[in-house]
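Following: one structure in structure tokens, then a few remarks.
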Amino acid sequence: MAGFEINAELIRTLLLRLERISADSDWSHRASGIRGSLIKALEKIDTNQVFNKTQLNHLIELGFAILEHSAKEKRIDRIRQG
């Protein structure tokens with residue numbers, strides 16, 4: 001059960017970070033889709049329903065990848081603005 005709690009906390013943190021991606025970002029649409037899938041997975045975890053752990057891990061990886069790309073995009077925009 002501890003693994004589920006850790007995943008739930010990780011998912012909650014990831015959801016908060018994905019939510020903060022600006023709507024102006026090229027990555028906001030993808031972030032929205034991943035957020036929806038992660039919310040559904042979190043609901044299953046919270047209600048002790050069966051879920052696909054491999055798919056969940058993939059969603060978490062995608063979420064972090066989107067955050068990374070979004071941060072790079074933001075950094076480039078700041079550099080361009082001077």
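Per residue, the solvent-accessible area of the chain (1.4 Å probe, heavy atoms of protein chains only, all protein chains present) comes to 74 Å². The portion of the accessible surface of the chain made up by carbon and sulfur, rounded to a whole percent, is 51 (1.4 Å probe; DNA, RNA and ligands excluded). To the nearest 10, the accessible area of residue 21 is 20 Å² with a 1.4 Å probe. Using only alpha carbons, region 17-82 has a radius of gyration to Kirkwood radius ratio (Rg to Rh) of 1.11.
Kindly state, to the nearest 0.05, the FRET efficiency for residue 29 paired with residue 8, given R0 = 30 Å and r defined as their beta-carbon distance.
0.75
Note that region 33-40 has calculated 3J(HN,Hα) couplings of x, 5, 4, x, 5, 5, 5, 4 Hz, one per residue in order, obtained from phi through the Karplus relation 6.51 cos²θ - 1.76 cosθ + 1.60 (θ = phi - 60°); glycine and proline are x. Heavy-atom accessible area for residue 13, with the other protein chains in place and a 1.4 Å probe, reaches approximately 60 Å². Heavy-atom accessible area for residue 14, with the other protein chains in place and a 1.4 Å probe, reaches approximately 0 Å².
The values are calculated or read from the model by the stated rules, or taken from the named source; none is laboratory data. These figures come from a predicted structure and were not determined experimentally. Using ideal geometry, Cβ is built from the backbone for each residue, glycine included, and neighbour counts are taken over all protein chains shown. Accessible surface is based on the protein model in full, side chains and every heavy atom, while ligands, DNA and RNA are left aside. Shrake-Rupley method; radii C 1.70, N 1.55, O 1.52, S 1.80 Å.
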